[in-house]
1. For residue 78, which sequence-distant residues (separation of 5 or more, or a different chain) have an amide H within less than 5 Å of its own amide H, given hydrogens modelled in the peptide plane?
2. So for the stretch 23-74, taking the charge dipole from beta-carbon charges (+1 Lys/Arg, -1 Asp/Glu), which of 40, 73, 57 sits furthest toward the positive end?
3. Determine the order of 317, 146 by accessible area, beginning with the largest, at a probe radius of 1.4 Å.
4. Quick one: net charge of residue 351's neighbours, Cβ under 11 Å, K/R +1, D/E -1?
5. Taking a 1.4 Å probe, which of 265, 331 shows the most accessible area, and what order do the others take after it?
6. Taking only the alpha-carbon atoms of the chain, what semi-axes of the equivalent ellipsoid follow from 5 times the gyration tensor eigenvalues under a square root, in whole Å, largest first?
7. Of the cross-linked pairs 101/331; 267/319; 201/273; 118/216; 235/264, which ones have a Cα-Cα span greater than 32 Å in the structure shown?
8. Just want the answer: with Cβ charges of +1 for Lys and Arg and -1 for Asp and Glu, which residue in 242, 229, 207 is farthest toward the dipole's positive end in the stretch 205-247?
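The values are calculated or read from the model by the stated rules, or taken from the named source; none is laboratory data. If you're wondering where the values come from, they're calculated on a predicted model, not measured in any experiment. Cβ sites come from the backbone with ideal geometry, for glycine too, and all protein chains shown count toward neighbours. Just so you know, the surface numbers come from the protein's heavy atoms only, side chains and all, with ligands and any DNA or RNA stripped out. Shrake-Rupley method; radii C 1.70, N 1.55, O 1.52, S 1.80 Å.
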Amino acid sequence: MDIEQLFYNLHKSPELAWTEKHTSEILKEYLINNTDLTIVDKGKFFYGIHDEKADRTIGVRTDIDSICDSENIPFHGCGHDGHMSMVCYAASLLKGKKIGKNVVFLFQPAEENGSGAKVCLSMFDDIKVDKILGLHNIPGFPLGQVLIRMGTFADASLGLTIFYKGVQSHAAYPSFGVNPAFTIANLISKLSEIEKREIFKSFVQITVIYIHVGEKNFGINAGYGEIGLTLRAEKTKELSLLKNIVLKEVQNSIDETYSKEDAKKIKISYEVKDEFPATENKDSDSKYYYEALKNENIDVTYLDSPMRWSEDFGLYVKKANSFFFGLGSGKDHAPLHTRAYSFPKELIKKGGKIWFKMINLS
């Protein structure tokens, strides 16, 4: 199959995190037939190696999962079908060439929920990778424009669910119970104030995702509730600080809302999910790639501020020097994670050539 057919096959077969079996099969078929990569299947993920027996190895990571639309149907609303296609095209351009370095192409599952990179860290136990590169397409910028950012490229974030177990009672006698709705309301009133605290040295944000208290039974005063929040910060350390402050305010809100006796009757617990570190670049790397691409007459610009979405690519810094960049997918292109979004096909070869250039420059 050619690269256009590969994109079509990937586009029509979106698979959610940890279910990317058919996607992997499509990718391997293309790579075996169109590249000189040696495929290494690790079960939950795979990678391919262009091996020149060189002293340095460059890593290229692409994400392979999809998201769900509003009707819970999988679709490639984040453009990972295009990400995979660009990387595969770059691998095909590398076939038979000697560039003075080895290149390992990592096909990572489960980026959308932040769990895939953790599993793929085991690849670095097999191979010494000197530098690993990652990319995301970004609507709102000219098609094919390379987007460079010093410091944080994409924010850290996590999902925080707080569970409240109060005391249920008859709705006619609410004073006999302890309804958590009131302390949840108190907590919500504090969230905007928390974001503004001077203790934070950079951007932080708290978003209320959902609230659930009791059930649709008008004879019962609720004894159970929960609230889901997304916490976001420009720095990973500040995300941890933000989480701790929110959890402290959970207890403060209980103490402020109820009598001492009733406050003791509310039991709280919490769960953290979809945790992403900040994706950060070294300033020296950002300056180097900006100047190098500019000298190659490639359209490149600095981003004024980080992306507020998150990427689990930030975990790879534990194992190798890492660099993440963006690629414009059209100034008027539909935003990511919307039903109107679809990766622009005209970016596949253009993006693949940029990937090939980045590999050579690294």
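1. 67, 337
2. Sorting the options by dipole projection puts first 57.
3. From most exposed to least exposed: 317, 146.
4. Combined, the nearby Lys, Arg, Asp and Glu give +4.
5. So, going from the largest accessible area down, we get 331, 265.
6. After scaling each eigenvalue by five and taking roots: 45, 22, 18 Å.
7. Over 32 Å Cα-Cα: 101/331; 267/319; 118/216; 235/264.
8. Checked the options; the winner is 242.
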